[in-house]
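Some notes on the structure that comes next.
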Amino acid sequence: MPFSVRRPTPIRLPCMTTSSTDAVPNPHATAEQVEAARHDSKLAQVLYHDWEAETYDEKWSISYDQRCIDYARDCFDSILPTDAISELPYDRALELGCGTGFFLLNLIQSGVARRGSVTDLSPGMVKVATRNGQALGLDIDGRVADAEGIPYEDNTFDLVVGHAVLHHIPDVELSLREAIRVLRPGGRFVFAGEPTTVGDGYARTLSTLTWRIVTNATRLPGLGGWRRPQAELDESSRAAALEALVDLHTFAPQDLERMATSAGAVEVHTATVEFTAAMLGWPLRTFECAVPPGRLGWGWAKFAFTGWKALSWVDANVSRHVVPKGWFYNVMVTGVKPS
């Protein structure tokens, strides 16, 4: 199975990216390290995310311009009660499992919070996230940290967020308790981009099928120019092996609600997004990963983006009325620390 992330965004549009002259090459994991990671979940998390850090934004078309600002804000607003939106901005926010900072940095730019802190178990990701924040001129600090033991005092933040992070954490309820601990009374958490159990099933099936079709078809005469070098395909296989180790959970919406309530939150509720959009997004993104970079041009980018946007509209306006909540691909959860 190829590389994948928990929220497929099949988009290749111009975006603002950051760079650093002191960036180091990706520390690709060896077969021996992958084997060691099979026995240590958190080692697997560090290896996989350090491997991805320097190229993650480019690879997944993450940007810090209006495109992703709007996506992050729409995602955030879709789970919040109307009266909570009217109270924005929060003063200080924390992102757990920040990756390259996609969610929090774009939320700050959209007016959700004034300043923020980012944490991740991966030193490589924290480095890139803080660098991205500095390049945007935002008030950001970063720490390498375990979400099961957040290194901040009680009652520090007004908002805690995360995107595609809870499914990587061994003890999800403990991490939610920690999020509530560092929130001020009345503070809110919002976690988005988590895979549902049903959604993960069809996404993996579609991805695996697409990968096998493409990598076998490109062996045929005349299609060699569409095949990645074997070394790159082998590297992708090692990354996929790591990914299988770092993706620890899938969720039913009611399970997340139960864990958040058990952790001490009030006003807990969930929302789900992407049904037909995920069924298009995963095969398209897998195809992009399976062919050499540069083979797909602007026409492909436009098709992928407009197709995903159109089906997202269908999901938001049609599918949600007829499809069971748990069948959508992504689930979001929010709750409040009791006053």
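The values are calculated or read from the model by the stated rules, or taken from the named source; none is laboratory data. Keep in mind that this is a model prediction, so the values were computed, not measured. In this analysis, Cβ positions are derived from the backbone assuming ideal geometry, glycine residues included, and neighbour counts consider all displayed protein chains. Side chains are part of the model used for accessible areas, which takes the heavy atoms of the whole protein and leaves out ligands, DNA and RNA. Shrake-Rupley method; radii C 1.70, N 1.55, O 1.52, S 1.80 Å.
Residue by residue through region 156-171, note down the ones that are closer than 21 Å to residue 80 by Cβ and either crowded, with 24+ Cβ neighbours inside 10 Å or of a type in the set (D, E, K, R) (or both).
157, 158, 159, 160, 161, 162, 163, 165, 166
Are there helices (runs of 4 or more DSSP H) fully within region 7-81 with at least 2 residues that are modelled with pLDDT of 90 or more and either basic (Lys, Arg) or under 20 Å from the mean Cα position of the chain (by Cα) (or both)? List them.
Per the criteria, 66-79.
In region 75-109, what residues are open to solvent by less than 20 Å² (accessible area, probe 1.4 Å) and of a type in the set (S, T, N, Q)?
Matches in region 75-109: 100, 106.
Of everything in region 182-208 that's within 18 Å of the chain's Cα centre (by Cα) and small (Gly, Ala, Ser), which residue is most open to solvent (accessible area, probe 1.4 Å)?
Among those residues, the one meeting the criterion is 201.
State the number of residues belonging to region 237-252 that are in contact with a helix residue (DSSP H, G or I) (Cβ under 8 Å, 6 or more places away or on another chain), in a helix (DSSP H, G or I) and either free of Cβ contacts under 8 Å to residues at least 40 places away in the same chain or among the acidic types (Asp, Glu) (or both).
1
Under 6 Å between Cβ atoms, which residue pairs at least 6 apart in sequence (or on different chains) link something in region 127-142 that is free of Cβ contacts under 8 Å to residues at least 60 places away in the same chain and aliphatic (A, V, I, L, M) with a partner that is part of a loop (DSSP other than H, G, I, E, B) and surrounded by 15 or more Cβ atoms within 10 Å (Cβ to Cβ)?
Close Cβ pairs satisfying both conditions: 129/98; 129/100; 129/101.
In region 121-145, which residue that is in a helix (DSSP H, G or I) and in contact with a His (Cβ under 8 Å, 6 or more places away or on another chain) is most open to solvent (accessible area, probe 1.4 Å)?
Top of the filtered list is 124.
Here is a list: 255, 234. Which entry is crowded, with 16+ Cβ neighbours inside 10 Å, out of contact with any Phe, Trp or Tyr (no Cβ under 9 Å at 6 or more places or on another chain) and in a helix (DSSP H, G or I)?
It is 255.
Quick check on residue 112: is it among the β-branched types (Val, Ile, Thr), open to solvent by less than 20 Å² (accessible area, probe 1.4 Å) and free of Cβ contacts under 8 Å to residues at least 40 places away in the same chain?
Taking the combined requirement at face value, the residue does not satisfy it.
Quick test for you: out of 173, 178, pick the one residue that is part of a helix (DSSP H, G or I) and either modelled with pLDDT under 95 or touching a helix residue (DSSP H, G or I) at 6+ places or on another chain (Cβ under 7 Å) (or both).
173
Find the residue count for region 94-120, including only residues that are more than 16 Å from residue 165 (Cα to Cα), among the aliphatic types (A, V, I, L, M) and either part of a loop (DSSP other than H, G, I, E, B) or at pLDDT below 95 (or both).
1
Give the residues of region 276-322 that are without any contact (Cβ under 8 Å) to a residue 60 or more places away in the chain and either of a type in the set (S, T, N, Q) or surrounded by 15 or more Cβ atoms within 10 Å (Cβ to Cβ) (or both), sorted by residue number.
The answer is 276, 277, 306, 311, 312, 315, 316, 317, 319, 320.
Given (1) among the β-branched types (Val, Ile, Thr); (2) surrounded by fewer than 19 Cβ atoms within 10 Å (Cβ to Cβ); (3) under 16 Å from residue 194 (Cβ atoms), identify the lone condition not met by residue 270.
So residue 270 meets the others, but not (2).
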